[in-house]
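Participant: The structure that follows is given in the form of structure tokens.
The values are calculated or read from the model by the stated rules, or taken from the named source; none is laboratory data. As the structure is a computational prediction, the values presented were derived from the model and not from experiment. Cβ sites come from the backbone with ideal geometry, for glycine too, and all protein chains shown count toward neighbours. The accessibility values were calculated without ligands, DNA or RNA, using every heavy atom of the protein model including side chains. Shrake-Rupley method; radii C 1.70, N 1.55, O 1.52, S 1.80 Å.
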Amino acid sequence: MNREEAVKLLKKHVKTDRVLRHSYAVEAAMIAYAKKFGEDEQRWGLLGLLHDIDFEKYPDDHPNHAPELLQGTGLDDGFIDSVLSHGVNVDVPRDSKERQCLHAVDEMASFIIAVALMRPTKFEGLKAKSVKKKMKDKAFAKAVNREELISSMEALGVEFADHVSTIVQGLKEHEELLRQQGYSLLH
Ligand SMILES: [Fe+2]
Ligand SMILES: [Fe+2]
């Protein structure tokens, strides 16, 4: 499956901009990490793009319905298990880099976009310090579990400043690509 096909499939099941934007954000972060770790950018990008594919249809039982939406698309079982692994009450262990990475960037990518939206220069010059400050601000993006942002990052084995700069860089590059397609992460 290529990116174009994946976007088409995603849009079949995801209609709200909120989930679509989140999917692109996690895709961006996954690609950035694939580059950093020398992993398969195509696969990691698709994993980010499709990880919440069943969220709108099954918000209370997500991501358990992802397999049925991804079946017959040529994606392998390991990929589908990796999608499942980011769920809260799922039996699939986060026992590979792609799974640890997906978990570590899932909430953080969207959190960083929320921080960027508060800044005049958006992603430009966005440093770990600003992200940390907003993490301490309990009223800001309060649905995001701060402890999980940190524990998932530690499980991936990266440092905070490094984590933020990898994701910011990924978001910045992806924003350029998306803009060419008439979309923006920053709206
Ligand atoms: Fe999810
Ligand atoms: Fe997600």
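Participant: On the protein heavy atoms, probe 1.4 angstrom, tell me the percent of accessible surface of the chain carried by carbon and sulfur.
Facilitator: 49
Participant: How large is log10 of I(q)/I(0) for the stretch 12-59 at q = 0.21 Å⁻¹ when the intensity is taken from the Debye formula with one equal scatterer per alpha-carbon?
Facilitator: -0.64
Participant: Cβ under 9 Å from ASP54's Cβ, ASP54 left aside: what net charge do those residues give with Lys, Arg +1 and Asp, Glu -1?
Facilitator: In short, -3.
Participant: Along the charge dipole of the chain, Cβ charges K/R +1 and D/E -1, which of GLN181, LEU117, VAL158 sits furthest on the positive end?
Facilitator: Ranked along the dipole, the leading option is LEU117.
Participant: Compute the projected area of the convex hull of the Cα atoms of the stretch 116-182, averaged over all viewing directions, and report it in nm² to one decimal place.
Facilitator: Value for the stretch 116-182: 5.3 nm².
Participant: In debye, nearest 20: dipole of the stretch 3-180 around its Cα centre with unit charges on the Cβ of K, R (+) and D, E (-)?
Facilitator: Charge dipole, the stretch 3-180, about its Cα centre: 1140 debye, nearest 20.
Participant: Show that you can apply the helix-only estimate: for the chain, add -39,500 (n - 2.57) for every DSSP H stretch of four or more residues, divide by all residues, and state [θ] at 222 nm to the nearest 500.
Facilitator: On the way: 9 runs with 118 residues, N = 187.
Rounded to the nearest 500, the figure is -20000 deg cm²/dmol.
Participant: For the charge dipole of the stretch 3-180, defined by +1 on Lys and Arg C-beta atoms and -1 on Asp and Glu C-beta atoms about the Cα centroid, which residue among THR73, LEU149, VAL7 has the Cα displaced farthest towards the positive pole?
Facilitator: Working it through, the farthest residue towards the positive pole turns out to be LEU149.
Participant: Equivalent ellipsoid semi-axes for the chain, as square roots of 5 times the alpha carbon gyration tensor eigenvalues: give them largest first, rounded to whole Å. Please report the intermediate quantities before stating the final value.
Facilitator: Values: eigenvalues 118, 68, 52 Å².
Ellipsoid semi-axes (Å, largest first): 24, 18, 16.
Participant: Going through the cross-link list LYS134/LYS172; LYS8/LYS57; LYS8/LYS97; LYS36/LYS136; LYS35/LYS133; LYS15/LYS133, which pairs have a Cα-Cα distance over 25 Å in this structure?
Facilitator: Beyond 25 Å between Cα atoms: LYS8/LYS97; LYS36/LYS136; LYS35/LYS133; LYS15/LYS133.
Participant: Please list, short to long, the whole-number percent of alpha-carbon pairs of the stretch 63-153 in consecutive 10 angstrom bins beginning at zero.
Facilitator: Pairs per bin, as whole percents: 15, 38, 27, 18, 2.
Participant: Using a 7 Å offset from the Cα along the Cα-to-Cβ direction at both ARG119 and GLN42, what is the distance between the two label points in nm, to one decimal?
Facilitator: 3.4
Participant: Suppose every Lys and Arg Cβ carries +1 and every Asp and Glu Cβ carries -1, with no other charges. What dipole size does the stretch 20-100 come out with about its Cα centre, to the nearest 20 debye? Display every interim value, and only then the final one.
Facilitator: Working: 8 positive and 16 negative charges, 87 e Å.
Approximately 420 debye in magnitude.
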